[in-house]
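What follows is a set of notes on a single structure, which appears directly below.
The values are calculated or read from the model by the stated rules, or taken from the named source; none is laboratory data. The structure displayed is predicted, hence computed values, not measured ones. Cβ atoms come from the backbone with ideal geometry, glycine included; neighbour counts cover every protein chain shown.
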Amino acid sequence: MRAKITGTGSYLPPHVLTNHDIEQMVDTTDEWIVERTGIKERRVADPHTYTSDLAVEAGKRALKAAGLKPKDIDIIIVATVTGDMPLPSTACFVQAKLKAKKAAAFDINAACSGFTFGLSIANAYICSGMAKRVLLIGSEELSRITDWEDRATCVLLGDGAGAVVVEASDDDTGIWSVDIFSDGTIWDLLNVPAGGSANPASEETVKSGQHYLKMKGNETFKIAVRTLEQVVVDTLKKNNLQSSQIALLVPHQANKRIIEATAKRLNMSMDRVVLNLHKYGNTSAASIPIALDEAVKQGRIRKGDFIMLESFGGGLTWASALIKW
Ligand code: UT7
């Protein structure tokens, strides 16, 4: 049995923060940000809109696209590192707001790979027969853990949500493989040091900005390029496919240069790659489902097309998924 994506949806909060706005906040320039990352603007949720609210909007749209109601869903998975609260899970807020009474709901944290890791879970639920319909959502408000005085990270991050419905497939379309990987020995490249059991919230942690995201950008960049190139090549090999057979690459949107390097390794021209980070920046677990939804809406994916998803993020975690649409 295969699982397939039967509906996609996304939601971006309306407020736009441009590079020119950030020029007023830290010592940076629009030119530097565009040249080094490809990002021109990002979205920031207002203080009364939570990660679960973005998730609910994206989820509703995915359900509508799949022709389903909230009551039809068995499992809700939210991939996020910026949940509404440490406890309960954001997925439980989503379940309540959607009135998806039948659904069991839980979060997963695989940072920017959260959506792809979540897809592997959804795939396993469907293929094992343990669930018929899974709503998988990547939702983030990275603005809440952004140090707006750190020019090395604040230019990169944004808020948003994307969602998919996963159900059983009755033909050979669907998820052909999802491969997920982690290396916890290099966790320190990307982390939020305080707010957990290692470093609980205190006056001191707040004063020293330890609740903000920290990243060793350049080291992360080099590992990302190497790892992503390898994972996509391995996935193709495993499925006896050539890169020429991939209609569309849907990468995590962290840095245009990382995406271009992967496309080059696959010998794919950029017109076969979804790139929307100029509008939204890096939205972590939300970036792939937002990009996927945009590609679907723009008619860039036809039935029978092979598409490749690939992600890389804190943990470290990285993953790929091969889907026949
Ligand atoms: O999504 C999860 C995984 N995350 C990623 O994959 C992100 C990976 N990393 C990156 O995308 C890039 O490393 C960055 C965009 C974060 C940084 O680009 P870089 O080319 O690696 O720059 P760098 O960190 O090596 O810094 C180069 C210079 C430094 O100045 P000096 O030391 O050469 O004088 C930085 O201080 O650029 C400086 N710099 C900036 N200058 C203007 C760093 N941030 C900025 C900025 N504006 N915003």
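The one condition from (1) on the phi < 0 side of the Ramachandran plot; (2) surrounded by fewer than 24 Cβ atoms within 10 Å (Cβ to Cβ) that residue 129 does not meet is (1). Under the condition of being among the aliphatic types (A, V, I, L, M), more than 16 Å from the chain's Cα centre (by Cα) and over 12 Å from residue 161 (Cβ atoms), the residues counted in region 77-97 number 3. Please work out if residue 240 is within 16 Å of the ligand (Cβ to nearest atom) and without any contact (Cβ under 8 Å) to a residue 40 or more places away in the chain. Considered against the rule, which asks whether it is within 16 Å of the ligand (Cβ to nearest atom) and without any contact (Cβ under 8 Å) to a residue 40 or more places away in the chain, residue 240 comes out as no. Among all residue pairs at least 6 apart or on different chains, which show Cβ distances below 6 Å where the first residue, located in region 142-158, is in contact (Cβ under 8 Å) with a residue 40 or more places away in the chain and not assigned by TED's automatic domain parsing to the domain that holds residue 18 and the second is within 9 Å of the ligand (Cβ to nearest atom) and among the small types (Gly, Ala, Ser)? Within 6 Å, no pair qualifies. For the criterion of being under 23 Å from residue 292 (Cα atoms), among the small types (Gly, Ala, Ser) and in a helix (DSSP H, G or I), residue 83 fails.
Of the residues making up region 126-161, those that are within 15 Å of the ligand (Cβ to nearest atom) and touching a Pro at 6+ places or on another chain (Cβ under 8 Å) are 138, 159, 160.
If only residues of region 1-38 that are among the hydroxyl-bearing types (Ser, Thr, Tyr) and within 11 Å of the ligand (Cβ to nearest atom) are counted, the one that is nearest to the chain's Cα centre (by Cα) is 37.
All of 264, 256, 297, 324 fail the test of being more than 16 Å from the ligand (Cβ to nearest atom), more than 19 Å from residue 118 (Cα to Cα) and modelled with pLDDT of 95 or more, apart from 297.
Checking every residue in region 63-80 against the condition of being within 25 Å of residue 180 (Cα to Cα), within 16 Å of the ligand (Cβ to nearest atom) and not in a strand (DSSP E or B) gives at least one match.
Taken together, the criteria place residue 41 among residues that are acidic (Asp, Glu), in contact with a Gly (Cβ under 8 Å, 6 or more places away or on another chain) and within 16 Å of the ligand (Cβ to nearest atom). Among the candidates 260, 229, the residue that is surrounded by fewer than 22 Cβ atoms within 10 Å (Cβ to Cβ), outside the structural domain of residue 140 (by TED's automatic domain parsing) and touching a helix residue (DSSP H, G or I) at 6+ places or on another chain (Cβ under 6 Å) is uniquely 229.
Results for (1) within 25 Å of residue 192 (Cβ to Cβ); (2) surrounded by fewer than 22 Cβ atoms within 10 Å (Cβ to Cβ), shown as yes or no for each residue.
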| residue | (1), (2) |
| --- | --- |
| 10 | yes, no |
| 24 | no, yes |
| 27 | yes, yes |
| 36 | yes, yes |
| 49 | yes, yes |
| 77 | yes, no |
| 85 | yes, yes |
| 91 | yes, no |
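All of (1) more than 15 Å from the ligand (Cβ to nearest atom); (2) under 26 Å from residue 42 (Cα atoms); (3) charged (D, E, K, R) hold for residue 204 with one exception: (2).
Identify, by number, the condition in (1) surrounded by 17 or more Cβ atoms within 10 Å (Cβ to Cβ); (2) among the charged types (D, E, K, R); (3) under 17 Å from residue 292 (Cβ atoms) that residue 64 doesn't meet. So residue 64 meets the others, but not (1). All of 96, 100 fail the test of being assigned to a loop (DSSP other than H, G, I, E, B) and either under 21 Å from residue 178 (Cβ atoms) or of a type in the set (Gly, Ala, Ser) (or both), apart from 100.
Per-residue answers, yes or no, for (1) touching a helix residue (DSSP H, G or I) at 6+ places or on another chain (Cβ under 7 Å); (2) β-branched (Val, Ile, Thr):
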{"site": "126", "(1), (2)": "no, yes"}
{"site": "132", "(1), (2)": "no, no"}
{"site": "138", "(1), (2)": "yes, no"}
{"site": "142", "(1), (2)": "yes, no"}
{"site": "159", "(1), (2)": "yes, no"}
{"site": "166", "(1), (2)": "yes, yes"}
{"site": "187", "(1), (2)": "no, no"}
{"site": "190", "(1), (2)": "yes, no"}
{"site": "210", "(1), (2)": "no, no"}
